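Q: So that we are looking at the same thing, I have put the structure below in structure tokens.
A short reminder: the numbers here are calculations on the coordinates, not readings from a lab. Computed from a predicted structure; not experimentally measured. Glycine gets a Cβ as well: all are built from the backbone with ideal geometry, and neighbour counts include every protein chain shown.
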Amino acid sequence: MNEIRSITPNEIDALISLIANAYPSFDATREETVQPFRKQVLASIKDPGPSRFYAYYRDEQMVGGMRLYDYTVNWHGSKLLAGGVGSVAVDLLHKKEKIAKELLTFFLRHYRGQGAHIAFLYSFRPDFYKRMGFGFGTTWYEYRIQPASIPKGQGKEQLTYLTEADIPQLRECYQRVMEKTHGMIEISDQDIKRWFTDKKNRIVGYKRGHLIHGYMTFQFQNNHPKNAFHNDLHVKEWIAEEPAVHQAFFAFLHSQADQFQRVVFYVQDREFYHLFDDPRNGTYNMIPPLSHEMHTTGAGLMVRILNAKRALTTPAIYPFGKVNAVFTFHIRDSFLTENEQRFTIQFAEGKPTLSNHKGEAPVVHMDISDLSALLYGAVSLDTLLTYGQVTVSEPAATQALLALFPKVATPVCTTFF
């Protein structure tokens, strides 16, 4: 008999064994790795909060597991419930038995039943989750910049090292930025405390009066096998409420040229390279016909709409253009069959209403993965139409459809799970 349920305290060791086999980076031979994880799991069992561990049992044997997260996300200016999933693991002896599929189906239906519009995950293989209906989220860019090429900035005297005593103010700073930034997820004091648990982290903040207006976490990393003095400074997170904070961080990083060869940035801003005199990343690769390599790019967070009909009839799901039109949407969803839908929506000045329109309306065909990325703001409708990922039965209706889905702010998400 197969069952998916939350785990009990006496099953924690079985979960640890499962995770260790699925994720070799989780070194179960080291107590400094295992003990914090064991405490974390036990705490989530005793006091179920925003995250819980579930396992897949076959005849009472644990053969799969995952962790679910309840999130609140800034979605185009509205706070919406979203579900996250991480630590998806399958026993090595039970691969290719559709256990991961059943775990993900449980995850999606759980949050769909909770009334959430959105599901998030970080993929170990994008193609695997794309076939499950997840669309790509915001692109990450890794820049490797020489400190001397970073703007000189100003205001470095406002920077100070932060400690755990600053956690409440750090969270307040993050919250203020989150409430103005589409895509960001609320975090807790416990989330921030983990930054200080990682002893490699250095955290500096921009303080004015009693408030923190920005912070930066960074680490040092050696870049030469035979020279301990050859190091890069890796900026892990950078939050700023105003331009003065950016300028202070620039001044700090620019001043590090004597100690670090490169400052490594991980950002979601595709225009970031405009800040530097020399944005090249040190590989000196040339991209035809005559372009200098500036960064490497990665696909990280993936997003999925859980109920297409409910989402597209919810005004908060997208800042629809003020268009008067009627469209029939045919959404393909081969993974979550109840979400394979065809429905008609009437838009009055951009406000959507499910319609029983009797006449023929233009039909918009798209996959749930593309709809998810579109509503998230990670891809434009213009792009999807141009490459044929979205089609419209009546070409004359294309302009009205484009006006209904104007380009929006690119989402930003710094939460990892």
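Q: If Rh is defined by the Kirkwood formula over all Cα pairs and Rg also comes from Cα, what ratio Rg/Rh do you get for the chain?
A: 0.99
Q: Identify all lysines with a Cα-Cα distance to Lys130 below 26 Å; exclude those on the same chain that are fewer than 8 residues away in sequence.
A: Lys79, Lys95, Lys96, Lys98, Lys101, Lys309, Lys407
Q: Okay, moving on. Average projected area of the Cα convex hull of the range 120-199, in nm²? Display every interim value, and only then the final one.
A: Values: hull surface 34.2 nm².
Reported value for the Cα convex hull: 8.6 nm².
Q: Take the alpha carbon atoms of the range 196-264, find their center, do the same for the range 1-23, and report the distance between the two centers in whole angstrom.
A: 38 Å
Q: When DSSP beta bridges are limited to those with both residues in the range 308-404, what percentage is antiparallel, rounded to the nearest 5?
A: Percent antiparallel among DSSP bridges in the range 308-404 is about 70.
Q: Let me ask something additional. Could you tell me the calculated FRET efficiency between Lys46 and His224, based on Cβ-Cβ distance and R0 = 30 angstrom, to the nearest 0.05?
A: 0.05
Q: Quick one: compute a quarter of the convex hull surface over the Cα atoms of the range 141-295 and quote it in nm².
A: Projected over every direction and averaged, the Cα hull of the range 141-295 covers 10.5 nm².
Q: Right, something else. Taking the Cα atoms of the range 153-192, what is the range of coordinates along each of the three principal axes, in descending order and whole Å?
A: In descending order, the Cα extents are 30, 25, 11 Å.
Q: Per residue of the chain, what 222 nm ellipticity follows from adding -39500 (n - 2.57) for every DSSP H run with n ≥ 4, rounded to the nearest 500?
A: Computed mean residue ellipticity for the chain: -7500 deg cm²/dmol.
Q: Quick one: Debye curve from the C-alpha atoms of the range 2-116, no solvent, what's log10 I(q)/I(0) at q = 0.12, 0.13 Å⁻¹?
A: -0.45, -0.52
Q: Extending each Cα 7 Å along its Cβ direction at Arg208 and Gln114, get the distance between those two points in nm, one decimal.
A: 3.7 nm
Q: Can you spot the lysines whose alpha carbon is less than 17 Å from Lys358's alpha carbon? Ignore those fewer than 8 places along the same chain.
A: Here the lysines satisfying the reach criterion relative to Lys358 do not exist.
Q: Which value results for Rg/Rh of the range 295-375 when Rg is the Cα radius of gyration and Rh the Kirkwood radius based on the inverse mean 1/r?
A: Result for the range 295-375 is an Rg/Rh of 1.03.
Q: Convert each backbone phi in the range 296-301 into a coupling constant with the Karplus relation 6.51 cos²θ - 1.76 cosθ + 1.60 (shift: θ = phi - 60°), then list the ³J(HN,Hα) values in order as whole Hz, x for Gly and Pro.
A: 9, 10, x, 9, x, 4
Q: Okay, moving on. Write out the GluC sites (Glu not before Pro) in the range 19-125 meeting two conditions: DSSP loop, and at most 11 other Cβ atoms within 10 Å of their Cβ.
A: Sparse-neighbourhood loop GluC sites (Glu not before Pro): Glu60.
Q: Taking the Cα centre of the chain as the origin, how large is its charge dipole in debye, to the nearest 20, when only Lys and Arg (+1) and Asp and Glu (-1) carry charge on their Cβ atoms?
A: With only Lys, Arg, Asp and Glu charged at Cβ, the dipole is about 220 debye.
Q: At q = 0.20 Å⁻¹, what log₁₀ I(q)/I(0) does a Debye calculation on the Cα points of the range 20-88 give, no solvent, two decimals?
A: -0.98
Q: Further question: Determine the gain in length on full extension of the stretch Asp13-Lys152; use 0.36 nm per residue of separation and subtract their C-alpha separation, reporting nm with one decimal.
A: 44.9 nm
Q: Going by how many other Cβ atoms sit within 10 Å of their own, how do Leu42, Leu170, Leu290 line up, fewest first?
A: Working: Leu42 13, Leu170 22, Leu290 6.
With the sparsest Cβ surroundings first, the list reads Leu290, Leu42, Leu170.
Q: Gain in length, Gln399 to Arg125, computed as 0.36 nm per residue apart minus the alpha-carbon separation, to one decimal in nm? Kindly include the intermediate steps, with their values, before the conclusion.
A: Details: separation 274, 0.36 × 274 = 98.64 nm, distance 3.54 nm.
Length difference between fully extended and current span is 95.1 nm.
Q: Give a quick list of GluC sites (Glu not before Pro) in the range 140-195 that DSSP marks as loop, anything other than H, G, I, E or B, with at most 13 other Cβ atoms within 10 Å.
A: Details: sites: Glu142, Glu157, Glu164, Glu172, Glu179, Glu186; in loops: Glu179, Glu186.
The qualifying sites are Glu179.
Q: While we're here: What longest region of the chain stays clear of trypsin sites (Lys or Arg not before Pro) that DSSP places outside H, G, I, E and B and that have at most 15 other Cβ atoms within 10 Å?
A: On the way: sites that count: Arg30, Lys95, Lys96, Lys98, Arg131, Lys152, Lys180, Lys199, Lys200, Lys226, Arg270, Lys322, Lys358, Lys407.
The longest uninterrupted stretch comes out as 31-94.
Q: Counting other beta carbons within 10 Å of each Cβ, put Ser123, Ser6 in order, fewest first.
A: On the way: Ser123 18, Ser6 13.
So the residues, fewest neighbours to most, are Ser6, Ser123.
Q: What distance in nm lies between label points placed 7 Å from Cα along the C-beta direction at Ser334 and Phe416?
A: 3.3 nm
Q: Under 30 Å between alpha carbons, and skipping anything fewer than 8 positions from Lys199 in its own chain: which lysines qualify?
A: Excluding near neighbours in sequence, the set is Lys39, Lys46, Lys152, Lys156, Lys207, Lys226, Lys236.
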